[in-house]
Amino acid sequence: MANSSSGGVQHFIPVAGYLFSDLKKKTMQMNKRLIHFVNNIVNDHKQVFDPDNLDDYIDVFLNEMNTNTKDTVALSEENLLRTLVQLFIAGSETTVTTLRWCFLYMIANPDIQSRVQDEIDSVVGRNSLPRVGDKLPFTEATIMEVQRIASIVPVGVPHVAAADTTLRGYLIPKGTVIISNLLAIHHNQDSWYEPEKFEPERFLDSKGDMFYRNEYVPFSIGRRACLGENLAKMELFVYFTHLLHQFSFKKPEESPPITFESTLGATNAPLPFELIVTKR
Ligand code: HEM
């Protein structure tokens, strides 16, 4: 992720890609390793494949490959491996990086951490763990605020206009590459009051209920928006609430001052930081 820059110069001046050919080579090598990794998993599935017991995506794909003779291009083994790698890349790094930002913001804002823990304790209790579906508006607003302020996927995946299009008087010719600047949307002063401030309340109404805003687009919008949005939201909710239910996090006194600087690749990741984890 760190190797593949987002919104980098090569998006706009493709010839610049040659200047970064080492990086490209490294990324291609990593891709090969990932293909090898998922290939082993596919081979394991093939050995125990049973068309009457389709367990997961790989089983269903293999079954379609065996039975659907019309769509041989989409249902090729190469496509199976590539889509698996894409799901793996798109699904793991994004969620983990979001959680790293969550805990950085918790050690930077101990008062907010305590409010999240109080809400979890009062709704869930100390004797059971939080579950998807528990109503925890302040906690959810905190996760949303992390996703807004850190904008983990700063620019969307590049798309191409399928037809000539006019948008607010601008002609976008067919074939134009379009890159959405999600980070700019999340930090637009016309939409957000003091956008650089970490403030979960901006997602709560006067009754304390959580609400969505059109300008909140961490998963992008439209038909090609994030395919894993619902899964990601569940994962973030479960990991964040379980960890805060069981532990408290704080900055070690002797560690360097907290910084919100990031390394900008395809994802916007925090710099490494230390924290102390204490069992509650
Ligand atoms: C917090 C976690 C995540 C964030 C912030 C995130 C964000 C995004 C964004 C901004 C896009 C680009 C959409 C566009 O260009 O219009 C995207 C695409 C995508 N995401 Fe996620 N994502 C997350 C987790 C996941 C997970 C868990 C999966 C799957 C397991 C996933 C699978 C995908 C796929 C397959 C695409 C490409 C969709 C397409 O081109 O049609 N993502 N994601």
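Observations on the structure shown:
- Computed from the C-beta positions of Gln246 and Ser21 and an R0 of 41 Å, the FRET efficiency is 0.30 to the nearest 0.05.
- Ellipsoid equivalent to segment 9-279 - semi-axes via the Cα gyration tensor, in Å: 35, 27, 21
- Only helices enter the 222 nm calculation for the chain: every DSSP H run of n ≥ 4 contributes -39,500 (n - 2.57), and dividing by all residues gives -15000 deg cm²/dmol, rounded to 500.
- Förster-model FRET efficiency, 41 Å R0, Asp134 and Ser92, C-beta, rounded to 0.05: 0.95
- Burial order of peptide ranges 38-49, 150-161 (average beta-carbon count within 10 Å, highest first): 150-161, 38-49
- Of all accessible heavy-atom area on the chain, the percent that carbon and sulfur account for (1.4 Å): 57
- Accessible area (Å², per residue) of segment 9-279, counting only protein heavy atoms and a probe of 1.4 Å: 63
- Cα-based Lys proximity count in segment 9-279, under 15 Å, for pairs eight or more positions apart or on separate chains: 5
- One quarter of the surface of the convex hull around the alpha-carbon atoms of segment 136-242 equals 7.9 nm², the direction-averaged projected area.
- Length-normalised contact order for the chain - Cα pairs under 8 Å, 6+ apart - percent: 23
- Residue order for Lys70, Lys32 - accessible surface, 1.4 angstrom probe, largest first: Lys70, Lys32
The values are calculated or read from the model by the stated rules, or taken from the named source; none is laboratory data. Note that the structure is a prediction, hence the values are computed from the model and not measured. Every residue, glycine among them, receives a Cβ derived from its backbone with ideal geometry; neighbour counts consider all protein chains shown. For accessibility, only protein heavy atoms count, side chains too; no ligands or nucleic acids. Shrake-Rupley method; radii C 1.70, N 1.55, O 1.52, S 1.80 Å.
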